Amino acid sequence: MITPPAAPTASALRTALRRDRRVYTRSHPVLFALLAATRRRAVTRIGDAVLVHGTEPYRQALVRIPLDRAAAGTTGGAARELSAGGTLFDQEGADHRAGRRALADELGAAGTERLRPVWREVLARRLAPLEAGRDIDLVPLAREVAGATVRALLHAVGGPEDIASAAAAVAAATVRDHLPGPRRPGSARAAAAAAARLEDLLAPARGEAAEPALRAMLAVAAVNTTVAALPRAAAWCADAGLWEQAADDRLRPALVGELLRVTAPSPLLPRVAAADAELDGCPVRAGDRLILVARHAARAHDQPPDVHRPAPPALAHLVFGTGPHSCPGALLARAQLDDTLASLAPHRPTVSRARVDRGAALPGWRSLTVRAAEARRSPEGG
């Protein structure tokens, strides 16, 4: 009889949660202190901003309230400033719907399988030093996984690491549009320059028609969420003792879903209401800024990963949005994390060093160095 992997202890889960919280408290301490202070209420108004923490209000905000997708301070607004519009994130018009349909086809099951050998080669090469007992940093690995995948998806001319670096620079340069406070002098010029460099790297190698803005924003989203998610998920496995679950082909799909839920790579969705509405009894006015807290809506802050009692799919998927605002790359993200965990699990790595990235657009690690478990590295450990 096969013995199922043991559930993590409460102490191990607390250790994992404490480490993971550092990416929030050290990258955007004031913002996340505010979110923590207001999360007991499903919806809270602060001036002209409406903070949405509750699961159902979050869902309603995305499917029932008309949103101004080009407003300043939103993802779509930043994209328009950088690229004169026409991006994946503008929910307007037939061109947008056609673009999303085409992208959904590329990122569907067949498209994901076509791309899988790309990131599997990166994983095999980057993780090989663990066999020799050497430490590796999972952040550069995640950057190359993301950059190589985007390059293959878009048939781009740029190198994987150049694409990843440029996409991170675009996100970091524009993130201040999503957060309260004044812009730094010259930030608009820096963001525009970073976007132009990224668009050059993403020029199609095959000469087919291209939509530079859509390609750039797709790269920004894919790179930054991947670089945020993969190292954080690995740290959770190391700290909470989840490697046995990650090695189990039967349990790993549930573990992937749970880790994506608790890491919530895009923890906030900044939006602007385009019409008057109401959320959980709180009036919403046209022009109000909506801060949709995906992390809290998906219960990432108080429900640790549990493969034996995973969150319902409708709840877990909220970290990818919902309805017409659902991320088309969710299937690909799950496949990449599944393969990453499967590749790491035989080594049972532990975290030896970790540094928070204080300048990144999304909460994550600047470096996360791991080493194989001593039992595996010793001759008698096999």
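Only the coordinates and a few stated rules stand behind these numbers; no lab work does. Remember, it's a predicted structure, so these values are computed and weren't measured experimentally. Reconstructed Cβ throughout: ideal geometry from the backbone, glycine too, with neighbour counts over all protein chains shown.
Would you please put 300-309, 331-340 in order of how densely packed they are, using the mean number of other Cβ atoms within 10 angstrom per residue and starting with the highest?
Listed from highest to lowest mean packing, they are 331-340, 300-309.
Between beta-carbons, use under 15 Å as the cut-off and find the net charge around Arg40, counting Lys and Arg +1, Asp and Glu -1.
Working: positive: Arg39, Arg41, Arg45, Arg295, Arg299; negative: Asp280, Asp302.
After counting each charged neighbour, the total is +3.
Give, rounded to the nearest 20 debye, the magnitude of the charge dipole that the range 288-382 has about its Cα centre when Lys and Arg contribute +1 at Cβ and Asp and Glu contribute -1 at Cβ. It would help to have the intermediate numbers written out before the result.
Numbers: 13 positive and 8 negative charges, 67 e Å.
Magnitude of the dipole: close to 320 debye.
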Note to self: Just to be sure I understand: of the beta bridges DSSP finds with both ends in the range 203-359, what percent are antiparallel, rounded to 5?
What the structure shows: 100
Notebook entry, point to check: Arg18 to Ala192: FRET efficiency via 1/(1 + (r/R0)^6), r the Cβ-Cβ distance, R0 41 Å, to the nearest 0.05?
Noted result: 0.55
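With viscosity set to 1.306 mPa s at 10 °C, what whole-number translational diffusion coefficient in µm²/s follows for the range 198-343 from Stokes-Einstein and a Kirkwood radius over Cα pairs?
Values: Rh = 17.1 Å.
The calculation lands on 93 µm²/s.
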Check: How big is the gap, in Å, between the Cα center of the range 213-275 and the Cα center of the range 112-138?
Finding: 18
Next item on the list: Give me the net charge of Leu292's neighbourhood, meaning all other residues with Cβ under 11 Å from the Cβ of Leu292; Lys, Arg count +1, Asp, Glu -1.
Entry: +4
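Which of Trp236, Trp365 comes first, and how do the rest follow, when ranked by fewest Cβ neighbours within 10 Å?
Arranged by neighbour count, lowest to highest, Trp236, Trp365 become Trp236, Trp365.
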